[in-house]
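Chemist: Below is one structure. I have some questions about it.
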Amino acid sequence: MRHHRTTHVDSAQEALLTLGRLVDQALERIRIQRARVELAEALQRHLLPPQLPQLPRIAIAARYTPSRDGLDVGGDWYDAFPMTNGSVGVTIGDVQGHDVEAIAFMGQARTSLRALAGATTDPGEILSGTNDLLISMSCGLFATCCFLTFDPVTGTLAVSRAGHIPMVWATATGSSDIVLDRGGPPLGILPGETYPVTRRRLTEPGSLVLVTDGVVEGPSCPLEKGLDEVVQLVRGGYDGDPDRLAGEVIKVADLTGHRDDAAVLVVRYAGIPSAG
């Protein structure tokens, strides 16, 4: 009996030791993954613009919320900057994947867009050049993107999309809509792609709102419903503080049923200045 009891105790101790080693290994894996996430989030914060340009007759605001899946990160980005022809360039995008590689690719995409915008002001040419540049890097990832230019003096708007969510707009005349313009494929898939450009002239005060899919689409929210929610918000807040409007639009992400990251960019413009 004594021998049997000793054997039983030894087996229990061995099982506890094995369990302890497994717990230690699991905790170490969690620690490493959390460190990767913290690194990716810090990298992403540094890759997003610290501030957005505020130009005459135009105000720009943005909101970003990281992934709510604790061990996951996303590759959404936004940017805005003055163009060489006096207009402002505005872009938003979403990289495939949720890891450090996606964050790095996001930085490459944003940097490429800025660099090419110094050589041409045509949104389609900027997207086409960025697409070829990203493919030449052989990263194996892709990104959706919307790039627009807007001249607040003439009211000229030019928009091009690479597989991205349509833009939403509303004006002082009561008009509002989802811009279902024709676009091209995501960036980084096929070389030599061309991206159509839609041009409009905006004469009345209003707001343009760009979002990533984390805001408007998910298991419990089809894209059409999410965009309709954004339209309602933009229609009611087109003439208010763009930062407040961006904050309201980002809340639509709570309806989607997933925990992806999300980005919103709002451009409020004052309309064409009167002559004289």
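Chemist: For segment 229-247: of the residues being part of a helix (DSSP H, G or I), charged (D, E, K, R) and open to solvent by 80 Å² or more (accessible area, probe 1.4 Å), which is farthest from Tyr78 (Cα to Cα)? Write out each step before concluding.
Modeler: First pass over segment 229-247, keeping only residues part of a helix (DSSP H, G or I): 229-237, 242-247.
When the remaining residues are screened for being charged (D, E, K, R), the result is 229, 235, 243-244.
Next, only the ones that are open to solvent by 80 Å² or more (accessible area, probe 1.4 Å) stay: 235, 244.
On the way: Arg235: 22, Arg244: 17 Å.
Only one residue fits best here, namely Arg235.
Chemist: Go through (1) in contact with a helix residue (DSSP H, G or I) (Cβ under 6 Å, 6 or more places away or on another chain); (2) of a type in the set (D, E, K, R); (3) not in a strand (DSSP E or B) and name the single condition Arg268 misses.
Modeler: Answer for Arg268: the failing condition is (3).
Chemist: Tell me yes or no: at least one residue of segment 173-189 is surrounded by fewer than 14 Cβ atoms within 10 Å (Cβ to Cβ), in contact (Cβ under 8 Å) with a residue 12 or more places away in the chain and either closer than 22 Å to Thr130 by Cβ or among the aliphatic types (A, V, I, L, M) (or both).
Modeler: Yes, the conditions are met somewhere in segment 173-189.
Chemist: Here's something else I'd like to know. Any residue in segment 97-121 that's of a type in the set (Asp, Glu): show its pairings with residues that are in a helix (DSSP H, G or I) at Cβ separation under 8 Å, as long as the two are six or more apart or on different chains.
Modeler: Within 8 Å, the pairs are Asp99/Arg36; Asp99/Ala40.
Chemist: A follow-up question, please. Quick one: which residue in Leu27, Leu43, Leu39, Leu71 is open to solvent by 60 Å² or more (accessible area, probe 1.4 Å), in a loop (DSSP other than H, G, I, E, B) and modelled with pLDDT under 65? Explain how you work it out, then say what you get.
Modeler: Details: Leu27 fails: in a loop (DSSP other than H, G, I, E, B); Leu43 fails: in a loop (DSSP other than H, G, I, E, B); Leu39 fails: in a loop (DSSP other than H, G, I, E, B).
It is Leu71.
Chemist: Inspect segment 253-274 for any residue being among the small types (Gly, Ala, Ser), in contact with a Pro (Cβ under 8 Å, 6 or more places away or on another chain) and under 17 Å from Leu55 (Cα atoms) and give the result as yes or no. Walk me through how you get there before you give the answer.
Modeler: In the first step, residues of segment 253-274 are kept if they are among the small types (Gly, Ala, Ser); the result is 253, 257, 262-263, 270-271, 274.
From the residues that got through so far, the ones that are in contact with a Pro (Cβ under 8 Å, 6 or more places away or on another chain) too are 257, 270-271.
Narrowing the set further to residues that are under 17 Å from Leu55 (Cα atoms) leaves 270-271.
The answer is yes; a qualifying residue exists.
The values are calculated or read from the model by the stated rules, or taken from the named source; none is laboratory data. From a predicted model like this one, the values you see are computed outputs, not experimental measurements. A quick note on method: Cβ atoms are made from the backbone with ideal geometry, for glycine too, and the neighbour counts reach across all protein chains shown. Surface areas here come from the heavy atoms of the whole protein model, side chains and all, with no ligands, DNA or RNA. Shrake-Rupley method; radii C 1.70, N 1.55, O 1.52, S 1.80 Å.
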